[in-house]
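The structure under discussion appears below in the form of structure tokens.
The values are calculated or read from the model by the stated rules, or taken from the named source; none is laboratory data. Note that the structure is a prediction, hence the values are computed from the model and not measured. Glycine also receives a Cβ, built like all others from the backbone with ideal geometry; neighbour counts cover every protein chain displayed. Please note that ligands, DNA and RNA were not included when accessible areas were found on the heavy atoms of the full protein model with its side chains. Shrake-Rupley method; radii C 1.70, N 1.55, O 1.52, S 1.80 Å.
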Amino acid sequence: MTGRPALRTRRPDWGTPDTIVPLDPLAAAQSDELAQALLQRMDGVPAKLTELIVGRAEGNPYYMEELVRRLIDDGVIVVGEPHWTVQVERLQTVRLPGTLVGLLQARLDSLPARERLAARQASVIGHVFWDGALQAVDDKATKALPALQRAAFVRSSETSDFEGTAERQFDHHLLHQVTYDTLLKAERRLGHGAVARWLTERTQGRGAEFLAMTGEHAERAGETALAIDCFDQAAGEAQQRFANTAALSWLRRVVTLLGESAPGRRFDVLNRLEKITDIMGARSMQDALHVEMAALLERHPDDTRQAELWFSMGLLATRRGEAVESERHTLRAWELAERCGVAKTAAMSQGQLGWLKRVALDPHGAQEHLKTALLWAGRIEVDDGRAETESKLLLVSAMTLSDLCQFDEARKTALAVLSHAELLGAPRLQLSALDALVSIASPLGRWGEMKRVAERALALAKAIGAADRVVLAQSHLADVAWALDDHETAMRWHEQLLPSARATGDRRTEVSSLQHLGLIQREQGDTRTALQWHVQAQALYEALDDQNGACAAAAWGALCKTLLDQPDAALSTVDQLLQLLDGDLAEHPAHETIGWRWPCQQALEALGDARAGPMLEQLFADVHARATEMTDTTDRVRLIQALPVFRGIVAAHARRGEANAAH
């Protein structure tokens, strides 16, 4: 579909155009060709006539059409049958307005008074207008429409957006604007008020486009309350369809119109804006909204809304992987919500604290927070989102159960939430459930299931414009490709999602992508580039205060250094990492460090270090212990072969056993 720029104003929920084609003025040859086409009913077109039309129009085809029309109206061009003629001697003396706007103004002025008034009144409605709306402005105006149509000032449409009334439009957008500009402020105000009332009676149950159109007329008429309600409803309808850009635009209109008149409602609208920008992954916009909301609460304190703001700030910090900052804001939200008895914010805050415990590898601590969260969720009024809040908390619980190797229960919970989300028609909740199912399938190496679920999540995330969830789904698909040794596909996914993760502020996905790019490059033989990726990953893990991740990046970097003939640097890094096992990480479960002890062992093996053999034996034992903990005997062999690190350790142990047997 193609359209003029005005279409974007009329239908903002259609989003950003795929392509914008700027139309340059016609070249001289094209202008000559158009002039010949416009005057094709003449036996021969005088050069002076062509020069006049082409010269005045300066490459604007509509200007050329209007010049021909004006010359006809002035009798310079005589319309006959079957041919037209021109009075050449009058070309030197004919007086033409110097601009296209002037030409259109003169065309309007030349209309009989009744028709001119009707055209001006119709212009209040818009480039497109309806007979019924015009009648609401002036019940006599529609009588002039046949004459306006014969004069090619307006034209009728084959269909109408409103049943029982004809739809028409001005011959050109510029003609409409010139006509509208002739109205006095008082005339516009009265006209827009009449149109707003006419539309209000006909927009019940209609799309956001017509609600917003009503709001536009109400605002211009000075009927602010009606305008606010219309834009608010239009935004709500757009939100339901995840037409996020349009919803943002209309909610911003609401905020502007509200001013300081209703601080509570203004905050709630800003809160809706913040949630939309969260879906879009527009983090800088979220920051700006948080500042605006905080300033509003300073002027108009409200503890309930303050708790909501602090929770939102904590959630944004979590999106960015800023655990300390997230905990600070979320604790403030929890304390205030608990004190005020705000059940929903209290429940979600405890759920968020549970999530932070899970990220910090403390699933038991996470479960304690989730118990409290669910108790508070039970106090939420049914019609205030209790079911959706409980579902969100259950998903965190499901992933925590997965961390504790209770996979069957975790999967059952996530599937139940997914089914419930589908019944609620809550696609964002569906995405969370799908993500939970992926997280449960991943440690079990169920790559086929993980791929199917991630592909479903990717399609849904794209459909609702959830940029952060698009990144997450792509990350899961990259993990599947890596696990299946499809390094080319994994590389493509990571190269695609890395800039998107940065754009949405998802630093955890970003750092995971950096790490995997290093792993892939090393497998493909580009060890120097691989080391660079691991160095970047280590720095970001440290910035995120993720010690285990930083150790893994350093360990893979050390392995790269051995391959680059940097033995001293590699050995120094490995020694520092292994010392942590007797220090800061002494209390960590063995399975949490398998992922980075494995590259350390490979580096020691490459360096001929005597510690390599015993370390491999310990890794082999830890792999089997973890596999035993994770699944039953019948599935253990499959699990070990499915997980890349487990698979690598077991294969290395087998090779060492064969080598020892040979000696």
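Side notes on the structure shown:
- Cα-based values for region 258-331, radius of gyration first and Dmax second, are 12.1, 37 Å.
- Under 13 Å, Cβ to Cβ, from L257 - net charge with Lys/Arg +1 and Asp/Glu -1: -1
- Extension gain (nm, one decimal) between A654 and R206, 0.36 nm per residue minus Cα-Cα: 154.4 nm
- For region 355-364, putting each phi into the Karplus relation 6.51 cos²θ - 1.76 cosθ + 1.60 with θ = phi - 60° gives couplings of 4, 5, 5, 5, 4, 7, 6, 10, x, 5 Hz, in residue order, rounded to whole numbers and with x for Gly and Pro.
- Protein heavy-atom accessible surface, 1.4 Å probe, per residue over region 543-659: 46 Å².
- Once Rg and the Kirkwood radius are both taken over the C-alpha atoms of region 327-458, their ratio Rg/Rh works out to 0.99.
- Over the C-alpha trace of region 141-241, radius of gyration and Dmax come out as 15.1, 44 angstrom.
- Accessible surface for region 323-385, divided over its residues, is 51 Å² per residue with a 1.4 Å probe.
- Cα convex hull volume per residue for region 155-304 (Å³): 151
- In region 561-613, taking the dipole from charged Cβ atoms about the Cα centre, the farthest positive-side position among L607, A570, L580 is held by L607.
- Size descriptor for region 303-400, Kirkwood hydrodynamic radius: 12.9 Å (Cα pairs only, one decimal).
- Hydrodynamic radius (Kirkwood) for region 74-177, which is based on Cα pairs only, to one decimal in Å: 15.3
- In sequence order, calculated HN-Hα J values of region 173-184 (Karplus, 6.51, -1.76, 1.60; Hz; x Gly/Pro): 4, 5, 4, 4, 5, 4, 5, 4, 5, 7, 7, 6
- Amide H contacts under 5 Å for M42: W84, restricted to partners 5 or more places along the chain or on a different chain, H placed in the peptide plane at 1.01 Å from N.
- 23 Å Cα-Cα threshold exceeded, pairs from K344/K371; K275/K412; K140/K185; K357/K451: K275/K412; K357/K451
- Taking the charge dipole of the chain about its Cα centre, with +1 at Lys and Arg Cβ atoms and -1 at Asp and Glu Cβ atoms, the residue from F267, G385, A651 reaching farthest to the positive side is F267.
- Per residue, the convex hull around the alpha carbon atoms of region 51-126 comes to 125 Å³.
- Helical content of the chain, expressed as a calculated mean residue ellipticity at 222 nm, amounts to -23500 deg cm²/dmol (DSSP H runs of 4 or more residues, -39,500 (n - 2.57) each, divided by residue number, nearest 500).
- Percentage relative contact order, the chain, counting C-alpha pairs under 8 Å, at least six apart: 6
- Integer Hz, Karplus 6.51/-1.76/1.60 couplings in order for region 450-464, x for Gly and Pro: 4, 5, 4, 5, 5, 5, 5, 5, 4, 5, 5, 4, 5, 5, 9
- nm² value of the averaged projected area, convex hull over the Cα atoms of region 142-183: 3.6
- Overall size of region 517-611 from C-alpha positions, given as principal axis extents largest first: 36, 33, 20 Å.
- Region 547-663, relative contact order [Cα under 8 Å, separation at least 6], %: 23
- Cα gyration tensor shape of region 534-663, rounded if a/c is under 1.5, else prolate or oblate by comparing a/b with b/c: oblate
- A dipole drawn for the chain from +1 and -1 charges on Cβ atoms has a positive end, and of A29, L52, S512 the residue lying farthest that way is L52.
- Report note on the peptides 626-636, 264-274, 97-107: ranked by the mean count of other C-beta atoms within 10 Å, highest first, their order is 264-274, 97-107, 626-636.
- Helix axis angle, 612-630 relative to the chain longest principal axis, alpha carbon, degrees: 70
- Shape parameters for the chain, alpha-carbon atoms, Rg then Dmax in Å: 34.4, 114
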